[in-house]
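The values are calculated or read from the model by the stated rules, or taken from the named source; none is laboratory data. For clarity, every value in this text was computed on a predicted model and none was experimentally measured. Don't worry about glycine lacking a Cβ; one is built from the backbone with ideal geometry, like all the others, and counts go over all protein chains shown.
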Amino acid sequence: MSDPTLKYPRDALEDWRQEGRGPPPPEGGHFGDLIDTLFFASLAREEGHPALARIVYHEDGVQGLERTREQADFHSPQEPALAWTVIPFHPILLTVDALVKLTPAADVERTAIIVGPHNDQLHILGLARRSKSTDGGNVWVFSAPEPGFIVLHRAGEEVFRYERGKRLSPKQKFSLWEILHTDGLVRKTLETVCQNLVRTLTEASSFPNFPWMDSGVSPLLFDLINTMVSTRHGGLIAILAKEPSTAPKLSYSLSPHLSLHSELFRQAKRAQTRAVDLALNRLPDDHSNHEEEMAADEEARTAKEALDSLIANIGQLTALDNALLLGPDLKVIGAGYAVPTEADTPTVHVAQDLQGTPGGEYHINQHGSRHRAAASFAFKNPGGLVFLVSHDGPLRCLIRPSEEKPVLLWNLRLFEI
C-alpha cells in the first residue's frame, strides 16, 4: 500500500483499540490474527462466490457461547433469553483455506462460524445461529459484507468498520429494533396506523398497563421487515395510513380476508398472556397448576410458530418487483404495487433522532428507482410508513408526518447475522 493512510485491518483495529472507543477487545494477537484471516478469506472465492464469512468469537469457545444471553435494554419479568444455538466441531485450526471452505455452511440467516482460542491458537469450533429476536449478547461478531470489508458488532451494535484500507465510522445510527420499540415518531406513526389492532390486542392482554407487554404490533412488523431483508433481493414495504379510495393497481392481489391482524394473531397474543399470567401467579411451592402451565406454554409456542410462518410467507412477497402494500392495521392488500412517481422526486431530509428532528437534505436521486418510489409514496401518503432495503445496501424508513412537513428518512442498522 503506497498511500501511508491505508492500513491493513489488524492495524486499523489496533488504532481503534488504543483510542478506547466502545468496549475494548481482548489484548494480545488473537483479534489481529482473526481479522486478517477474515480479510484475506473475503478476497477468495468458493463455489464461484466470494467467501464472505461471518464469525462469532468467544474467549470460552462453545461453552461460553452456549451460556450467552441477550443484552436487550427493555424490561421483562423473565430473565434474558439464551442468544445462540450451537453445533460444536472438533477444533480445526483457523486458516484462510479452512475459513473459505466452511463459509457456504454458514451462509444461512443468523448463522456464523464459531472461533475461539484452543491450545493458545485460534480454532474453528463449530457453527452457531443467533436466536431470533435476541441481540446476540455480549460477544464479538466479525463479518465481511463485501470482499476486503470488515465489520465488527457487539450485542447488535456496530462498533468498528473497515473499508478500502481505512477505518470508517459506523454507518447506521439507529437499529430497527430501537426505532420500532422506543417511543418516537416511527413507533407513534405505526400505532396510529394500527390503532384498531392495538386496541384489540390490549383488550386481549391481562396486563395492559405493563410496559413489557408490548402491543404486539412492533414485534410483528420487526419480523416482517427482517424477512424482507433475508430474501436478499431487496424490497419495499409500503403501509397506508388510511384505506385507499380506489383499488390500487397490483400485480398480485391477495384475498381480502388475509391480514396480519387475523384471529391467528389474537390467538397468539392470548396464549402468550395466559402463559405469563400462570407463571406470575404461581407460588414457590405450588405445583398443582404445573400441567396447566405446560399446556399454556405449548399453546403459546404453537400459536407463535403458526404466526411466524404466516409472517414469513407474506414477507417473501417483498422479493417480487415493486412494493408489498399494506393498509391500516397491517391489512395485506397485495404485492407488485407500482408506486406512482413524479418526474421531480420529493425533497427528503435525514432524521437526526427518534423524534424525527429534520436534518440535512438527503439526495435520494443518488439511488435507484426503489428509493424514488419510497420517497414518492411517503410524500403522497402523509402518516403512512415505508421500509426499503436494497439488495446491496442498508435498510431505510421514510415517513411524512403530515402535509405541512417534509419527508424524513432514517438510516437503520440491522443485525449483521
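Listed values, structure above:
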quantity	calculated
Test for Thr341: is it polar (S, T, N, Q) and surrounded by 14 or more Cβ atoms within 10 Å (Cβ to Cβ)	yes
The lone exception for Ser76 - which of (1) more than 21 Å from Glu163 (Cα to Cα); (2) polar (S, T, N, Q); (3) modelled with pLDDT of 85 or more it fails	(3)
Filtered residues of segment 377-387 (kept if within 11 Å of Pro346 (Cβ to Cβ), surrounded by fewer than 22 Cβ atoms within 10 Å (Cβ to Cβ) and of a type outside the set (Phe, Trp, Tyr))	Lys380
Boolean, Val332 is within 23 Å of the chain's Cα centre (by Cα), under 17 Å from His233 (Cβ atoms) and not charged (D, E, K, R)	no
Scan of segment 402-411 for residues that are in contact with a strand residue (DSSP E or B) (Cβ under 7 Å, 6 or more places away or on another chain) and surrounded by fewer than 23 Cβ atoms within 10 Å (Cβ to Cβ), ordered by number	Pro406, Asn411
Segment 154-168 - residue that is outside any strand (DSSP E or B) and more than 19 Å from Thr111 (Cβ to Cβ) and, of those, modelled with the highest pLDDT	Gly165
Pair list, Cβ under 9 Å, 6 or more apart: segment 45-66 residue over 19 Å from Ile114 (Cβ atoms), other residue part of a loop (DSSP other than H, G, I, E, B) and of a type in the set (A, V, I, L, M)	Arg45/Ala51; Pro50/Leu43; Pro50/Ala44; Pro50/Ala144
Long-range neighbours under 9 Å by Cβ, at least six apart or interchain, first residue part of a loop (DSSP other than H, G, I, E, B) within segment 312-332, second among the polar types (S, T, N, Q)	Leu320/Ser251; Asp321/Ser251; Asn322/Ser251; Gly327/Ser259
Ser245, sole failed condition from (1) modelled with pLDDT under 70; (2) small (Gly, Ala, Ser); (3) not in a helix (DSSP H, G or I)	(1)
Residue match in segment 337-345 (condition: touching a Leu at 6+ places or on another chain (Cβ under 8 Å) and closer than 18 Å to Phe174 by Cα)	no
Residue match in segment 262-280 (condition: more than 23 Å from the chain's Cα centre (by Cα), over 18 Å from Asp223 (Cα atoms), at pLDDT 70 or above and not in a helix (DSSP H, G or I))	no
Matching residues, segment 355-371, being outside any strand (DSSP E or B) and crowded, with 18+ Cβ neighbours inside 10 Å	Gly356, Ile364, Arg370, His371
Any hit, segment 327-338, residues being hydroxyl-bearing (Ser, Thr, Tyr) and either crowded, with 17+ Cβ neighbours inside 10 Å or modelled with pLDDT of 95 or more (or both)	yes
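Conditions tested, residue by residue: (1) in a loop (DSSP other than H, G, I, E, B); (2) hydrophobic (A, V, I, L, M, F, W, C); (3) modelled with pLDDT under 70; (4) not assigned by TED's automatic domain parsing to the domain that holds Arg372.
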position: Arg282; (1), (2), (3), (4): yes, no, yes, yes
position: Ser288; (1), (2), (3), (4): yes, no, yes, yes
position: Glu291; (1), (2), (3), (4): no, no, no, yes
position: Met294; (1), (2), (3), (4): no, yes, no, yes
